[in-house]
Amino acid sequence: MFMKKSVVLAVTVLASLSLAACGNSSKSKSSSNKTSSSQTQDLSKNITLANYKKIKVGIMTGQGGATESSVKAKFGTPSSKSKASKTEIVQYSWSKVDPSFKVADVTIHAIDGKVVGKAYDAKKTSGMKITSKSRLAGIKKGDSYNATLKTLGTPNGESIMGAGKNSLQQLTYATDKNGNAVTFSFNQNKLNAKTTATIN
């Protein structure tokens, strides 16, 4: 999916900005802390937009971010775990979310147990939010991340990596029921790119 590829790019870019060696993201299932389904409590009802918004993202050293353990305590055991090669960034994803949160999955990125990024991947559904192209056209280069959110409302997909000077944000809005979309990319909270995307 488009958002997942964008998150990988964001991880790579911000890892280099924080003086970590950058590389391609490789995904693999976690081999540690395995539990049977009977032992794992289903906490998917807690994976809502409201609780996602409460996850605090820190700078790329982890300072200021929510703890990885607190997110796991709220959301339960992740569906998958992966690590960006040659970095200390670990990604956890939850594919089973509350029905009210109409997304493909929710992801956090962590360094030394602290959250440095979070995202939710847009999902094509019959009732997904559609934003007109005329409204999207009103967003201009240099507009702020917060101002864009205020103007357009909650996006279909979102990605946030880092905080402060070394931060990247992406907002994806569906433009029709076929999954066509527009993604706004922000660097240090300022819009620097607008691209077309496809929501699957």
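The values are calculated or read from the model by the stated rules, or taken from the named source; none is laboratory data. Note that this is a predicted model, so its numbers are computed, not measured. With ideal geometry, Cβ positions are generated from the backbone for all residues, glycine too; neighbour counts draw on all protein chains shown.
Residue pairs whose Cβ atoms lie under 7 Å apart, sitting 6 or more positions apart in sequence or on different chains, and linking a residue in the range 61-82 that is within 15 Å of TYR120 (Cα to Cα) and modelled with pLDDT of 95 or more to a partner that is β-branched (Val, Ile, Thr) and in a loop (DSSP other than H, G, I, E, B), are VAL71/ILE55; PHE75/ILE47. Residues in the range 141-166 that are in contact (Cβ under 8 Å) with a residue 60 or more places away in the chain and either more than 26 Å from SER100 (Cα to Cα) or touching a helix residue (DSSP H, G or I) at 6+ places or on another chain (Cβ under 6 Å) (or both): GLY157, SER159, MET161, GLY162, ALA163, GLY164, ASN166. Taking TYR120, is it under 15 Å from TYR173 (Cα atoms), aromatic (Phe, Trp, Tyr) and touching a helix residue (DSSP H, G or I) at 6+ places or on another chain (Cβ under 7 Å)? Against the criterion (under 15 Å from TYR173 (Cα atoms), aromatic (Phe, Trp, Tyr) and touching a helix residue (DSSP H, G or I) at 6+ places or on another chain (Cβ under 7 Å)), TYR120 qualifies. Contact annotation: residue pairs with Cβ atoms under 8 Å, 6 or more positions apart or on different chains, pairing a residue in the range 172-200 that is more than 23 Å from THR125 (Cα to Cα) with a partner that is of a type in the set (Asp, Glu) and modelled with pLDDT of 95 or more, are LYS190/ASP143; LEU191/ASP143.
Taken over the range 80-108, the criterion of being among the basic types (Lys, Arg), in a strand (DSSP E or B) and within 19 Å of ILE47 (Cα to Cα) is satisfied by LYS81 alone. On the given criteria, is LYS165 crowded, with 16+ Cβ neighbours inside 10 Å and either within 20 Å of LEU49 (Cα to Cα) or modelled with pLDDT under 95 (or both)? Judged against the criteria, LYS165 is not a match.
Those residues that are part of a strand (DSSP E or B), among the polar types (S, T, N, Q) and surrounded by 23 or more Cβ atoms within 10 Å (Cβ to Cβ), I need them from the range 109-162; list them, please. The one that is part of a strand (DSSP E or B), among the polar types (S, T, N, Q) and surrounded by 23 or more Cβ atoms within 10 Å (Cβ to Cβ): SER159.
Surrounded by fewer than 17 Cβ atoms within 10 Å (Cβ to Cβ), modelled with pLDDT of 95 or more, small (Gly, Ala, Ser) and under 16 Å from the mean Cα position of the chain (by Cα) - does that describe any residue in the range 93-108? Among the residues of the range 93-108, at least one is surrounded by fewer than 17 Cβ atoms within 10 Å (Cβ to Cβ), modelled with pLDDT of 95 or more, small (Gly, Ala, Ser) and under 16 Å from the mean Cα position of the chain (by Cα), which makes the answer yes.
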